[in-house]
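Below is one structure, written out as structure tokens, with a few remarks after it.
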2 protein chains.
Amino acid sequence: MFVYLIVNMMKSREFKDVMYDGLSRLLKALANPQRLEIIEMLSQEEKSVEGIVQSTGISVANASQHLQILKSVNIVRSRKQGHYVYYSLANNEFLAMYHHIVKYAINEIAELERTLSRQREDCKALQAVSLEELEELVKNENVLLMDVRPVSEFQSGHIGGAVSIPLDELISRLKDLPGNKEIIAYCRGPFCVLADEAVKTLSEKGYKVRRLDFGYPEWKTRLMESKAV
Amino acid sequence: MFVYLIVNMMKSREFKDVMYDGLSRLLKALANPQRLEIIEMLSQEEKSVEGIVQSTGISVANASQHLQILKSVNIVRSRKQGHYVYYSLANNEFLAMYHHIVKYAINEIAELERTLSRQREDCKALQAVSLEELEELVKNENVLLMDVRPVSEFQSGHIGGAVSIPLDELISRLKDLPGNKEIIAYCRGPFCVLADEAVKTLSEKGYKVRRLDFGYPEWKTRLMESKAV
DNA sequence: CTATTATTCAACTGACTTATTGAATATAAA
DNA sequence: TTTATATTCAATAAGTCAGTTGAATAATAG
């Protein structure tokens, strides 16, 4: 009986070790600023290593290594085509989980809350629009929903009803904007500043403009979850 | 104009760095098997360093260090009383976020899925009861919901309607169990084996018994979320 | 087949993490 | 005040991680 208890205890320890080690391996893969930025890029669209390097400033070999780590815990997957290896997020469940983490961090970590507010304040974008508000606003139809990400990201997926006006074309396309509607800008997510820049530019020109609190990936996650129910 | 763009780019870089560094600091604090186990213990009840040491087998100095790390990112808080320093989770939002991570890991990481199934199979506890099923079962009243954690954990919080039968008293209290009802055992959470052991013991004695898929903390989180809506 | 380009691999350095030890601090009981 | 106990701090050694370099591989265009 005594020996039996010890054997049980050892099995239980072994089980816990496998589970906690596995979980901590996942978290370790996430726990790096550059990899988080890579995840943000990949949650917009599939990208080659070169594409990631261009939009983040990480070195090629380094980016490749980070991608291997993310691949080893099944966060990203790759496919080869021609000269390029294209990476993308391996599943939508990951994205949903990741958004929960980001939401917690933004709301509960004082430093991040403060930094985010300061950034938005600088751009006069403090009253950001939440997911719930957006749904209301879209119904009443008196708003223009503006996607300010690069065109390729818009093409690979965007919020329903949005118009693509990449930030770097904004000034040259001012004439396309209706003066009477409120403008709502959005971009890659809460850590992306493209929408902030757009709000700053437009509000200086006298437009009535706000940004979304979130980006395309969060909207997509929400869509999936509501379909699942 | 050109200088202005560069200044903007630098600001944006700085903002991203603060946000991603902060987020990765949180994830780094989580990314360690021992700290995850400490979190599991603290999500049951407030515990002193000594209490944690006893239930995990970590050394005293080491546990203290891990607790400092968790405290530095505001996951736990401490209060001093008499000889002891008592630690507890700092907020419920963290627990909700953590449960999302665990759920993802169990469902999407093949190795963890496999290990969990094997453990449950060993204990004839494969058909675990989910949160939704539990709600149904409790209504029909023909089940006994059994909390097999130590008494102190039961006292500091338990699932509504549960009866406390700590695993180590199970055999001596068999006479208290109704023979006609189905028994549903639960414990600390999906990584805890107390309920598995209980299922094994009882099913060998001929009882009709299953375990919950989750533990008290998950139930508590669910309760909070449904109240919030 | 050769040259070109994109990516990965291997090796190395410096920086952080973890676990262990023993000393220091703080509380409460004798 | 002294003593015992719980916890933290400081220093160390071993292990892991991040970023850089240059070489190796793999796909394509000429």
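Of all residues in segment B:55-79, those satisfying the criterion of being at pLDDT 95 or above and in contact with a strand residue (DSSP E or B) (Cβ under 9 Å, 6 or more places away or on another chain) are B:64, B:67, B:70, B:71, B:75, B:76, B:77, B:78, B:79.
Checking each residue in segment A:87-98 for being surrounded by 18 or more Cβ atoms within 10 Å (Cβ to Cβ) and either farther than 14 Å from residue B:27 by Cα or at the interface with chain B (Cβ under 7 Å from one of its Cβ atoms) (or both) picks out A:87, A:89, A:90, A:94, A:95, A:96, A:97. In this structure, is residue B:177 farther than 26 Å from residue A:17 by Cβ and within 21 Å of the chain's Cα centre (by Cα)? So residue B:177 fails the test. Scoring residue B:45 on the criteria (1) of a type in the set (Asp, Glu); (2) touching a Ser or Thr at 6+ places or on another chain (Cβ under 8 Å); (3) closer than 30 Å to residue A:34 by Cβ leaves a single failure, condition (3). Looking across A:45, A:50, one residue alone is part of a loop (DSSP other than H, G, I, E, B), within 15 Å of DNA strand C (Cβ to nearest atom) and out of contact with any Lys or Arg (no Cβ under 6 Å at 6 or more places or on another chain). It is A:45. Taking residue B:112 as the residue in question, decide whether it is within 25 Å of residue A:100 (Cα to Cα) and at pLDDT 95 or above. So residue B:112 fits the description; yes. Out of the residues in segment A:206-229 meeting the condition of being out of contact with any Asp or Glu (no Cβ under 9 Å at 6 or more places or on another chain) and in a loop (DSSP other than H, G, I, E, B), tell me which one is nearest to residue A:94 (Cα to Cα). Filtering segment A:206-229 for residues that are out of contact with any Asp or Glu (no Cβ under 9 Å at 6 or more places or on another chain) and in a loop (DSSP other than H, G, I, E, B), the one nearest to residue A:94 (Cα to Cα) comes out as A:229. Candidates B:78, B:88: the one that is more than 11 Å from DNA strand D (Cβ to nearest atom) and in contact with a Lys or Arg (Cβ under 8 Å, 6 or more places away or on another chain) is B:88. What about residue A:14, is it under 25 Å from residue B:102 (Cβ atoms) and modelled with pLDDT under 95? When the stated conditions are applied, residue A:14 passes them. Scanning segment A:71-84 for residues that are within 13 Å of another protein chain (Cβ to nearest Cβ) and part of a helix (DSSP H, G or I) gives a single hit, A:72.
Inside segment A:176-208, residues that are within 18 Å of residue A:142 (Cα to Cα) and free of Cβ contacts under 8 Å to residues at least 60 places away in the same chain make up a count of 15.
Here's the yes/no breakdown for (1) within 30 Å of residue A:27 (Cβ to Cβ); (2) in a loop (DSSP other than H, G, I, E, B):
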position	(1), (2)
A:100	yes, no
A:124	no, yes
A:137	no, no
A:146	no, no
A:172	no, no
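The values are calculated or read from the model by the stated rules, or taken from the named source; none is laboratory data. Note that the structure is a prediction, hence the values are computed from the model and not measured. As a convention, Cβ positions derive from the backbone with ideal geometry for all residues, glycine included, and neighbour counts pool all protein chains shown.
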